[in-house]
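Report on the following structure.
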Amino acid sequence: MAEQPAQQATYVFCLMSSKRAPSVRGAPVGLPGAGKPRALQVDRGLWAIVADAPLDRFSPARLEAELRDLESVSRHALAHAATVEYFFRRGPVIPLKLFTLFSEEQRARQHLSQRKSHLRRLFARLAGHEEWGVRLTAASEGPARHQRTATSTGRAYLEGKKALRDQGTAPSRATEQDLSRALKTLRPLAVATRRESLPPAGVGRPAVIAASFLVKVTRRAQWRKQVARVARDLESRGHRLDLTGPWPPYHFATP
């Protein structure tokens, strides 16, 4: 008796605006365990980059186990991003979240088609733009260590430890001004900015702030020059600026 083919869900990487079907020749292999990426037409000029996802491999129980394995999540996230970025280099895209799945292809098409008006407005806003990531790391301010001596009282020792914690969790006013000024200097070259939530500074952990900037492709050279100027200014104060990109508009696309 012939084996029944495994049931297939539909995995969606991103949406793409294109007059013709996007070519998948040369595209990355896609997610581990899923089929090769292909283009699914949602509406005229609107496409979804999808892959067949066998339900025995992408069932809710299996995905729950995957999400508890950091190494597995990392493999999937890198494969997902590689596919999204491949198509981003060929036209405007709206990235979807990792593990965006529909029970069947028709359901994916129907769900996205119902949102086509919103998606077209979003594509109109994002076309010709790219995302850049900026991460600012403050200079270590090195609070003085409090050492217990033979003459120290227990209360003084505990107060000293509290002072260390307090000093380690709050950057100085001057540092806050340096980092805030740097972000403010970069904002005029972007059409939108999103601050990221990061853990607060602590003992042995410097203050870090990060933000994503949506920048017009035509202003890329100007943007990079301005970032370089800001980075040099921060470096003269002992701080560091790290720049990544250009990326698809991960933080600015909310279909």
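Could you tell me which residue of the range 83-111 is surrounded by the most Cβ atoms within 10 Å (Cβ to Cβ), considering only residues that are of a type in the set (S, T, Y) and outside any helix (DSSP H, G or I)? Only one residue tops the list, namely T100.
Checked against (1) crowded, with 16+ Cβ neighbours inside 10 Å; (2) small (G, A, S); (3) out of contact with any Ser or Thr (no Cβ under 8 Å at 6 or more places or on another chain), A51 meets all criteria but (3). K97 meets the conditions (1) modelled with pLDDT of 90 or more; (2) of a type in the set (K, R); (3) farther than 26 Å from S212 by Cβ in every case but one. The failed one is (3). Before we move on, is G30 at positive phi and at pLDDT below 95? Against the criterion (at positive phi and at pLDDT below 95), G30 qualifies. Counting just the residues of the range 220-255 that are closer than 25 Å to F87 by Cα and β-branched (V, I, T), which one comes out nearest to the chain's Cα centre (by Cα)? Within the range 220-255, the match that is nearest to the chain's Cα centre (by Cα) is T244.
The values are calculated or read from the model by the stated rules, or taken from the named source; none is laboratory data. What you see is a predicted model; the values in this text were computed from it and never measured. Reconstructed Cβ throughout: ideal geometry from the backbone, glycine too, with neighbour counts over all protein chains shown.
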